[in-house]
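Reading through the structure tokens given below for one structure.
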Amino acid sequence: MLEEAGVELWMNSPIAEGAASVRVNQSRITSLKISRNASNPQAAAATVWVEASYVIDASYEGDVLISAGVTHTLGREAASAYNESLGGVSRGSVGQFEEPVSPYVKGTT
């Protein structure tokens, strides 16, 4: 499906380190500096700039967005940050529901 859509998928190609690895124009990411073959010791490593109409940050911790200067929070913010009365609070160890809820049992969802 990706091939049919003309999408080229680069696995194990992390964003190059440093804030200069992302170019932003009017609050929009326009290009990324990518380290190709970073995890393959047999291949020559190369750093390339990639321009794209859309960027999907599929990194575990938002590396692309952080490099682009997007405001972010590491860890959990305080409940007062968004005026959440139950932020970070759970009733017991299962969740917030007082009655059992199951997607597999009729009448519980």
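The values are calculated or read from the model by the stated rules, or taken from the named source; none is laboratory data. Predicted model, so just to flag it, every value in this text is computed and none were measured. All Cβ positions, even for glycine, are placed from backbone atoms using ideal geometry, and neighbour counts span all protein chains on display. For accessibility, only protein heavy atoms count, side chains too; no ligands or nucleic acids. Shrake-Rupley method; radii C 1.70, N 1.55, O 1.52, S 1.80 Å.
Descriptive notes on the structure:
- Whichever residue in region 55-89 is surrounded by fewer than 10 Cβ atoms within 10 Å (Cβ to Cβ) and among the small types (Gly, Ala, Ser) and, among such residues, is modelled with the lowest pLDDT: 88
- One residue from 8, 4, 17 being more than 19 Å from residue 62 (Cα to Cα), modelled with pLDDT under 85 and open to solvent by 90 Å² or more (accessible area, probe 1.4 Å): 8
- The set of residues in region 33-46 being open to solvent by 50 Å² or more (accessible area, probe 1.4 Å), part of a strand (DSSP E or B) and modelled with pLDDT under 85 consists of 36 alone.
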